[in-house]
Amino acid sequence: MVRQDEPSTPVERMDGHELAEVSPQHPMDRLLRRDRLPHIWCPGCGLGTALNCFLNALIQSGLDPDQVAVVSGIGCTGRVAGYVAMDSFHTTHGRAIPFATGLKLANPKLKVVVFSGDGDLIAIGGNHFIHAARRNMDLTVICVNNFIYGMTGGQLAPTTPTDARTSTSPTGNRDHPFNLAYLAAASGAAYVARWTTLHVRRLQRSLCEALLKPGFSFVEVISPCPTLYGRWNKQRSGLEQMQYYKDQSVIEHGADPRQADITLGGQIVVGKFVDIAKPSYLELQKG
Amino acid sequence: MTTTGALQGEYFISGDEACAEAGISAGCRFFAGYPITPATEIAERMAERMPDVGGVYIQMEDELASMNAVLGAAWGGAKAMTATSGPGFSLMMENLGLGIMTETPCVLVNVQRGGPSTGLPTLVGQGDMMQARWGSHGPYEIIALCPSSPQEMFDLTIEAFNLSEKYRTPVLLMADEAVGHMTERVTIPPVESLKLYPRRKPTVPPEQYRPFEGEANGVPAMACAGEGYHLHVTGLTHDERGYPATSSADAQARLIRRLIAKIRDNRADIIRTESKWLEDAEVIVVAYGISARIALWPIEMARAEGLRVGWLKLITAWPFAEDLIRELAARVKAFVVPEINYGQIALEVERCAAGKARTLLVPHAGGDVHEPHVILEAIRGAAGR
């Protein structure tokens with residue numbers, strides 16, 4: 001996208017013909033740490049899309065970015081905190097939620113967003129996740145679920161579907177995965193939605209709703225990892241994974257999250273599953 | 001009670017309660033904890049008192065969460081603390097490291113009980129002293145204080161908050177069950193009379209601010225979330241802006257050198273000891289916490305026998321008072337170190353004595369304190385009687 005009010009630089013082709021006018025600035029520049037780019041994510045990864053949707057949702061929400069803090073754990077998604085031009089915290093593995101809890105309670109004026117991956121939030125951080133949801137803690141938790149440990153090279157995650165292959169389940173996962181939407185809903189979250197990175201507009205709308213929702217709001221973002229998950233499971237490009245999401249996903253708002261298990265080769269039920277009014281943690285403290 | 005909600009006057013309270021009150025007097029307005037004997041009374045007192053002073057008490061799901069919530073609260077602008085004992089202290093080690101790496105001021109209280117593992121939940125131990133020093137991974141320096149009485153539980157908690165702000169680092173209060181559960185007269189001075197070290201805020205605009213660049217004494221000023229500085233804070237090795245520098249041995253060297261130097265180079269300001277009879281001593285009993293108090297009795301008995309015995313109480317366990325021990329080693333025969341473990345601080349004494357004076361450990365497994373005669377026998381042995 002090129003903004004008319006910004007200077008643009010013509011890009012010269014090797015043969016001397018002018019190719020296009022490219023803005024040296026990006027519309028999200030004010031929300032990104034340009035001096036940290038390029039990012040570390042692989043081609044075909046969904047994290048850029050997830051981050052872009054989040055930043056668009058943030059703008060749409062009308063929240064003041066100076067009063068927004070982003071907290072991440074460890075992993076590929078954990079690097080999100082390092083790229084946003086807001087107060088941002090890259091904590092230890094699994095601990096983004098309790099760190100964010102302290103941050104929020106010490107300064108309730110802040111909007112605190114946890115942005116992390118499935119291994120970080122649900123395996124090593126699983127206990128914190130269910131307790132923050134139980135408390136209806138005033139946090140927005142965005143979980144990018146790629147079904148695998150990316151940063152460490154493609155190991156089994158608590159979300160890896162049964163039979164899916166990873167470097168530590170090379171003959172297929174003989175274990176049951178978590179259904180994150182069900183887990184969040186059962187634990188007490190006030191808002192639960194799931195989208196894939198194919199569903200950019202819907203994802204952005206959900207993220208905006210989640211940002212404005214008091215209490216614990218949870219958005220699961222199913223995201224391609226062609227480098228590792230795809231390679232192990234016959235979806236070698238991001239495009240193939242996006243095609244898979246297109247073929248397999250079914251939008252079903254209000255679906256019972258218990259019926260929304262994700263299986264290898266099965267349907268991916270997406271939509272907004274939970275959006276209920278219940279006192280948030282901070283509201284309960286007021287008595 | 002004063003207008004700030006802090007107490008003032010004379011109270012008959014336990015060490016744990018005195019610790020909680022000191023937190024409130026020091027301006028702590030965030031406590032996250034998880035119940036554990038013998039530190040639970042600190043959490044209970046905080047749960048009762050925080051609403052009085054407009055602060056936050058939250059009971060977390062475990063000690064991993066408690067320590068992280070404290071770090072988050074510190075970056076949210078609060079003075080924050082947690083309290084635990086052995087098993088919880090083990091769980092906090094991971095994020096004590098995050099606090100050190102991110103230079104986050106906070107106070108972590110360990111009311112030590114008998115260990116290892118679940119050990120003796122209701123009975124005294126001093127077995128976590130080396131864990132306090134080295135329990136989190138990687139190279140670092142730590143500040144740890146050891147109270148010997150409920151009054152010191154109060155005074156040193158204030159001191160712990162001050163040191164944490166001054167050096168922008170977590171500070172450990174290494175108490176023990178005996179001191180935590182002991183109930184004595186505690187004088188709580190008016191808040192206005194306390195010297196409280198404020199959080200040093202940046203004086204430059206956000207674009208010039210370097211949250212991890214050492215200024216005074218190697219310590220950076222600290223902006224908090226929501227103040228417009230767009231901080232980035234990471235447990236990864238980082239540069240002065242806070243940006244990850246994970247493929248740079250230079251960045252690692254710069255950061256670690258400063259983190260260590262800001263404690264080591266300021267040790268004269270940090271280290272506190274208390275002593276008696278050092279002038280004529282040929283044997284010195286070096287102790288801390290409840291053991292320092294217990295040691296006074298056998299020392300007095302030994303002196304009554306004509307033995308020239310001195311008493312050195314380590315108020316600051318870490319950084320270790322090595323300059324003082326080195327100096328004393330040059331002029332005494334021996335150090336006697338009673339501690340409720342099988343030799344931790346004694347190893348430091350021995351290291352600093354460097355063969356110039358003998359070091360005699362008086363170990364005790366825990367569950368109760370040393371019998372005075374055991375320490376007396378060690379003193380006699382050290383004196384060659």
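The values are calculated or read from the model by the stated rules, or taken from the named source; none is laboratory data. Predicted model only: the values in this text are computed from it and were never measured. Heads up, the Cβs are rebuilt from the backbone with ideal geometry, glycines too, and the neighbour counts pull from every protein chain shown. All accessible areas refer to the heavy atoms of the entire protein, side chains included, with ligands and DNA or RNA removed. Shrake-Rupley method; radii C 1.70, N 1.55, O 1.52, S 1.80 Å.
Rundown of residues vs (1) open to solvent by 10 Å² or more (accessible area, probe 1.4 Å); (2) in contact with a Ser or Thr (Cβ under 7 Å, 6 or more places away or on another chain); (3) assigned to a strand (DSSP E or B), yes/no style:
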| position | (1), (2), (3) |
| --- | --- |
| B:Pro298 | no, no, no |
| B:Arg303 | yes, no, no |
| B:Arg331 | yes, no, no |
| B:Cys352 | no, no, no |
| B:Leu361 | yes, no, yes |
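Just so you know, in segment A:60-80 the residues that are more than 7 Å from chain B (Cβ to nearest Cβ) and closer than 13 Å to A:Leu31 by Cβ include one that is surrounded by the most Cβ atoms within 10 Å (Cβ to Cβ), and it is A:Val70. Here is a check on your reading of the model: is A:Ser223 in contact with a helix residue (DSSP H, G or I) (Cβ under 7 Å, 6 or more places away or on another chain) and touching a residue at least 40 places away in the same chain (Cβ under 8 Å)? So A:Ser223 passes the test. If you check B:Ile24 against the conditions, is it crowded, with 24+ Cβ neighbours inside 10 Å and in contact with a helix residue (DSSP H, G or I) (Cβ under 7 Å, 6 or more places away or on another chain)? So B:Ile24 passes the test. Residues that are without any contact (Cβ under 8 Å) to a residue 60 or more places away in the chain and hydrophobic (A, V, I, L, M, F, W, C) were ranked within segment A:154-177; the one that is farthest from A:Asn127 (Cα to Cα) is A:Leu156. Checked against (1) in contact (Cβ under 8 Å) with a residue 60 or more places away in the chain; (2) closer than 18 Å to B:Ile271 by Cα; (3) more than 23 Å from the chain's Cα centre (by Cα), B:Glu327 meets all criteria but (1).
Would you point out the residue of segment A:31-59, among those that are aliphatic (A, V, I, L, M) and open to solvent by less than 20 Å² (accessible area, probe 1.4 Å), that is nearest to A:Ser206 (Cα to Cα)?
Here the residue is A:Ala57.
Set side by side, the residues B:Ala18, B:Ala47 differ, and just one is in contact (Cβ under 8 Å) with a residue 24 or more places away in the chain and in the same structural domain as B:Ala69 (by TED's automatic domain parsing), which is B:Ala18. The criterion of at least 2 residues that are more than 17 Å from B:Thr316 (Cα to Cα) and assigned by TED's automatic domain parsing to the domain that holds B:Glu44 is met, among strands (runs of 3 or more DSSP E) falling completely within segment B:124-203, by B:183-188. When A:Asp35, A:Asp66 are checked against the criterion of being modelled with pLDDT under 95 and assigned to a helix (DSSP H, G or I), a single residue qualifies: A:Asp35.
Against the list (1) closer than 28 Å to A:Ala106 by Cβ; (2) more than 13 Å from chain A (Cβ to nearest Cβ); (3) basic (Lys, Arg), the condition B:Arg241 fails is (2). For B:Val219, indicate whether it is open to solvent by less than 60 Å² (accessible area, probe 1.4 Å) and away from chain A (no Cβ under 14 Å). It is true that B:Val219 is open to solvent by less than 60 Å² (accessible area, probe 1.4 Å) and away from chain A (no Cβ under 14 Å).
Restricted to helices (runs of 4 or more DSSP H) entirely inside segment A:195-287, those with at least 2 residues that are buried (at least 17 other Cβ atoms within 10 Å of the Cβ) and at pLDDT 95 or above are A:200-212, A:238-248. With the requirement that a residue be within 10 Å of chain A (Cβ to nearest Cβ), in contact with a Phe, Trp or Tyr (Cβ under 6 Å, 6 or more places away or on another chain) and hydrophobic (A, V, I, L, M, F, W, C), what does segment B:72-103 give you? Matches in segment B:72-103: B:Ala73, B:Ala78, B:Ala80.
Among the residues that make up segment B:268-279, is at least one of them of a type outside the set (Ser, Thr, Tyr) and either within 14 Å of another protein chain (Cβ to nearest Cβ) or in contact with a His (Cβ under 7 Å, 6 or more places away or on another chain) (or both)? Scanning segment B:268-279 turns up no residue that is of a type outside the set (Ser, Thr, Tyr) and either within 14 Å of another protein chain (Cβ to nearest Cβ) or in contact with a His (Cβ under 7 Å, 6 or more places away or on another chain) (or both).
Filtering segment B:52-62 for residues that are open to solvent by less than 10 Å² (accessible area, probe 1.4 Å) and either more than 10 Å from chain A (Cβ to nearest Cβ) or without any contact (Cβ under 8 Å) to a residue 12 or more places away in the chain (or both) leaves an empty set.
Taking the condition more than 14 Å from every other protein chain (Cβ to nearest Cβ), surrounded by fewer than 24 Cβ atoms within 10 Å (Cβ to Cβ) and either assigned to a loop (DSSP other than H, G, I, E, B) or in contact with a helix residue (DSSP H, G or I) (Cβ under 6 Å, 6 or more places away or on another chain) (or both), does A:Pro108 pass? It is false that A:Pro108 is more than 14 Å from every other protein chain (Cβ to nearest Cβ), surrounded by fewer than 24 Cβ atoms within 10 Å (Cβ to Cβ) and either assigned to a loop (DSSP other than H, G, I, E, B) or in contact with a helix residue (DSSP H, G or I) (Cβ under 6 Å, 6 or more places away or on another chain) (or both). Tally time: how many residues in segment A:104-144 are more than 15 Å from A:Phe216 (Cβ to Cβ) and touching a strand residue (DSSP E or B) at 6+ places or on another chain (Cβ under 9 Å)? The total comes to 9. B:Ile142 meets all of the listed conditions (1) out of contact with any Phe, Trp or Tyr (no Cβ under 7 Å at 6 or more places or on another chain); (2) within 16 Å of B:Ile345 (Cα to Cα) but one, namely (1).
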